[in-house]
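A.B. asks: I am attaching a structure below and will ask some questions about it afterwards.
The values are calculated or read from the model by the stated rules, or taken from the named source; none is laboratory data. Just so you know, these numbers come straight off a predicted model, no measurement behind them. Cβ placement follows ideal geometry from the backbone for every residue including glycine, while neighbour counts extend to all protein chains displayed.
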């Protein structure tokens, strides 16, 4: 799944939110991409949303203090 499949307007809004975060709140680009790869392979991802917490994973993965909410074993 491509995360941009969630809809162009919504994708642009989420990217705008991520861009507006303070640098000290953001993960590095490498960590962000690794997290998105984990989420992309998860069967709990539906249209860019996490089934367990309801978040847009694009936004959650961008923040340092966030963790994967997968209940059995966090993926990141």
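A.B. asks: Quick one: in the range 1-13, of everything that is in a helix (DSSP H, G or I) and touching a helix residue (DSSP H, G or I) at 6+ places or on another chain (Cβ under 7 Å), which residue is modelled with the lowest pLDDT?
C.D. replies: Filtering the range 1-13 down to residues in a helix (DSSP H, G or I) leaves 3-6, 8-13.
Next cut, touching a helix residue (DSSP H, G or I) at 6+ places or on another chain (Cβ under 7 Å) only: 3-4, 11.
Details: 3: 56, 4: 52, 11: 85.
This residue is 4.
A.B. asks: If you go through the range 46-54 one residue at a time, do you hit one that is at pLDDT below 95, surrounded by 10 or more Cβ atoms within 10 Å (Cβ to Cβ) and in a strand (DSSP E or B)?
C.D. replies: Yes, the range 46-54 contains a residue that is at pLDDT below 95, surrounded by 10 or more Cβ atoms within 10 Å (Cβ to Cβ) and in a strand (DSSP E or B).
A.B. asks: If you don't mind, another one. Being in contact with a strand residue (DSSP E or B) (Cβ under 8 Å, 6 or more places away or on another chain), within 16 Å of residue 76 (Cβ to Cβ) and not in a helix (DSSP H, G or I) is the filter here, so list the residues in the range 14-41 that pass it. Before the answer, list the steps.
C.D. replies: Taking the range 14-41 as the starting set, the residues that turn out to be in contact with a strand residue (DSSP E or B) (Cβ under 8 Å, 6 or more places away or on another chain) are 14, 18, 21, 25-27, 32, 39.
Restricting the remaining residues to those that are within 16 Å of residue 76 (Cβ to Cβ) gives 26-27, 32, 39.
Of everything in the range 14-41, those that are in contact with a strand residue (DSSP E or B) (Cβ under 8 Å, 6 or more places away or on another chain), within 16 Å of residue 76 (Cβ to Cβ) and not in a helix (DSSP H, G or I) turn out to be 26, 27.
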